[in-house]
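Presented below is the structure to which this report refers.
Bear in mind that the values in this text are calculations on the coordinates, not laboratory data. Predicted model, so just to flag it, every value in this text is computed and none were measured. Neighbour counts run over all protein chains shown; Cβ positions are idealised from the backbone, glycine included.
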Amino acid sequence: MKNNFKFLSALIKLRLSHIMTFRLGFFGPFFIDTSYFLVQIFAFEAIYGHVDSIRGWGHGEILIFIGTFSLINALNMTIYFFGVISIPEKIQTGELDLYLTKPVNPLLRITFEKVNPGSIPLLLFSACIIIYGAKECGTSFSGANVIGYLLMILLMAILYYDMELLIRCFAFFVFSVNNLVKIESTAIELCLKIPGIAFYGIYKVVFYCILPYGIIATLPTQMLIGVLSLKGILFGMTIVCVFTFLALSFWKYGVHKYESASC
């Protein structure tokens, strides 16, 4: 564990040093991500600005939901997104060989080798939206709620990672994962616009258990506003554990079956 921490620290420093070599490449994403965030806010305000309630959620709860999804996505973009999405290309070109032959966990290196500080402003803007939404709906920030919310954010960020890894690991067995990525993008876009509490029947099964993007922002929001039951907490923890096991197992199985494309 200590050696892994030292390795990650050196890897991130090297990445930041490389980015800072090209100043536009460092500061450009700040402006792009900030503009994208503002467009999202305006779009959601146009959609939900005149909606009184969605299954008991008012405008304040919807703002917390939007801010929470944006916060988790910002963590994803900052920490591991650009590393994970490179997996199919590494498999197809044989570049993965270089990672498998190094004395470092290959998945650990791939995951954290392309951190993106350009998305850091989204973390701050998302937090502002969450605080504003909490004040609008009269949510009191108790210690238990805030700690529970932050822990749930951590769990959902792990779940987000699990889903991205699972989909990219199909590249070990098929020529292209583009169609799977399209399904992923469609599901994320839908669950970003519609809170999980609005799903019912087969839709709830799909977006809570099969493609669990529906719980990514919903459960943390419910935790912060104090309506998430113990059953909901256990459900969220179970889903994260199951998908983490599936993702890591699928990765290990794919590596075991991997045949270098460079041979």
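Tell me, what HN-Hα J-couplings in whole Hz come from the Karplus equation 6.51 cos²θ - 1.76 cosθ + 1.60 at θ = phi - 60° for each residue of segment 189-199, using x for Gly and Pro?
4, 5, 6, 6, 8, 10, x, x, 5, 7, 7
Give me the orientation-averaged projected area of the Cα convex hull of segment 119-263, in nm², one decimal.
That works out to 10.6 nm², a quarter of the Cα hull's surface.
Could you go through segment 141-149 in sequence order and give the Karplus-derived ³J(HN,Hα) for each residue, using 6.51 cos²θ - 1.76 cosθ + 1.60 with θ = phi - 60°, rounded to whole Hz, and x for Gly and Pro?
Ordered by residue, 3J(HN,Hα) equals 8, 7, x, 5, 5, 5, 5, x, 5 Hz.
Which ³J(HN,Hα) values, rounded to whole Hz and listed in residue order, are derived for segment 249-255 from phi using the Karplus coefficients 6.51, -1.76 and 1.60 in 6.51 cos²θ - 1.76 cosθ + 1.60 with θ = phi - 60°, glycine and proline given as x?
Residue by residue, segment 249-255 yields 5, 5, 4, 4, 5, x, 4 Hz.
Considering the alpha-carbon set of segment 89-193 alone, what are its Rg and its Dmax in angstrom?
18.4, 55
Compute for segment 191-239: radius of gyration divided by Kirkwood radius, i.e. Rg/Rh, restricted to C-alpha atoms, rounded to two decimals.
That ratio is 0.93, to two decimals.
Among ILE158, GLY94, PRO117, whose Cα projects farthest towards the positive end of the dipole of segment 70-169, with charges put on the beta-carbon of Lys, Arg (+1) and Asp, Glu (-1)?
PRO117
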